[in-house]
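The values are calculated or read from the model by the stated rules, or taken from the named source; none is laboratory data. For clarity, every value in this text was computed on a predicted model and none was experimentally measured. Quick reminder, even Gly has a Cβ in these numbers, built from the backbone with ideal geometry, and neighbours come from all protein chains shown.
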Amino acid sequence: MEYVFLFSGQGSQFKGMAEDICKKYPAARAVIDTMSATAGEDIASFLWNTEPAELARSDRSQLAITAMQAAILAVLQEHGITPSAAAGFSLGEFSALYAAKVLDLTTMTKVVALRGKVMQKACEKLDAQGKASGGASGMAAVLKLAPERIIEVLKPYSDPEAGTVFAANLNSPMQTVVSGTAAGLDIAEKLCKEAGAKRVVRLAVAGPFHSPLMREAAEEFSAVLQDIPFNDPAIPIFSNVTGKRLLTGAEAKRNAVLHLTHPVRWLDEEQEIAALTSTAALLEVGPGMTLCNLWRDSGCAGNCRPTGTAEQLADVIDEYH
């Protein structure tokens, strides 16, 4: 059996995640302890004891989600279940890079820790600017309106240099997430509803991710990555920035920076995955089942199964054996 591993992104975190997995599988707890030592942070405490508002901080959630994903990956591999291909949504792309051996565990941990700090700093600066001008920047999900139509109606407000709202996550034919200033999100809600969107839902995230509003964070992250090696992938892996397969470590490194200011082309990525791995089973590695739901909505063939609880993980392992 071949498996494609899909790694979930920021926003999927919740208090207590991975606790049941670590109690059942020592390999999971060992990975989290190793990552804690590398990052100089008590990641187990982030996972199990941090309240939702604090856990939503980029410098908390990014380490916590990545540690959970690495822990699940360790358990799956311990039982002989390895990925034949990998992809990650937003933050999850770094776990996919680890699964594809582009980054080792130590390097991935350091990169994600630094990325979380850089993004949190940028979010706090944007939040302060927003409070001074009438509201915080952020993200909103637009439901039941085609991505192409959303991009069209927002075009007058999406100039890379001076825009206020941008299509950020092209998730499925039925869901697109936009990033913007408070004023930009208000404009997006009005225009998208007028264009036929069923709902526009503000998201509990720390900032306007995957948009030009994160330009300063991208510049700082680029400097952070300058001396960090990225290996060529050992298995097929796909890029959020292009929606296509990544071929080299150099490309992965470039896209890791572009990632902060460019949209997540997840729908394109799903179609590329389906074309290359039509007979593979799909596993969502991480908390929740957002990616399984998006895969269902994409119209691509095949089913996706979650692994975010000890029970779900055990079911996958039992079925494999």
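How about the range 97-146: which of its residues are surrounded by 21 or more Cβ atoms within 10 Å (Cβ to Cβ), in a helix (DSSP H, G or I) and not aliphatic (A, V, I, L, M)?
Y98, T109, R115, G116, C123, listed by residue number.
Looking at (1) under 21 Å from M119 (Cα atoms); (2) buried (at least 18 other Cβ atoms within 10 Å of the Cβ), which is the one condition that is false for A53?
(2)
Can you tell me how many residues in the range 69-96 are of a type outside the set (G, A, S), part of a helix (DSSP H, G or I) and under 13 Å from the mean Cα position of the chain (by Cα)?
The qualifying residues number 3.
So which of L276, L283 ends up being over 23 Å from A206 (Cβ atoms), at pLDDT 95 or above and not charged (D, E, K, R)?
Going through L276, L283 in turn, just one is over 23 Å from A206 (Cβ atoms), at pLDDT 95 or above and not charged (D, E, K, R): L283.
Give me the pairs: first residue in the range 46-71 and within 13 Å of K15 (Cβ to Cβ) and touching a residue at least 12 places away in the same chain (Cβ under 8 Å), second residue part of a helix (DSSP H, G or I) and aromatic (F, W, Y), beta-carbon distance under 6 Å, and six or more apart or on different chains, which are they?
If the second residue must be part of a helix (DSSP H, G or I) and aromatic (F, W, Y), the pairs left are R60/F46; A64/F46.
Within the range 264-301, which residues are in a loop (DSSP other than H, G, I, E, B) and either touching a residue at least 60 places away in the same chain (Cβ under 8 Å) or in contact with a helix residue (DSSP H, G or I) (Cβ under 7 Å, 6 or more places away or on another chain) (or both)?
Residues satisfying the conditions are R265, T277, T279, A280, G286, P287, G288, G299, C300, A301.
So N171 fits all but one of (1) assigned by TED's automatic domain parsing to the domain that holds Q69; (2) touching a Phe, Trp or Tyr at 6+ places or on another chain (Cβ under 6 Å); (3) at pLDDT below 95; what number is the exception?
The failed condition is (1).
Kindly evaluate L282 against the criterion of being more than 24 Å from C123 (Cα to Cα), surrounded by 21 or more Cβ atoms within 10 Å (Cβ to Cβ) and in contact with a Phe, Trp or Tyr (Cβ under 7 Å, 6 or more places away or on another chain).
yes
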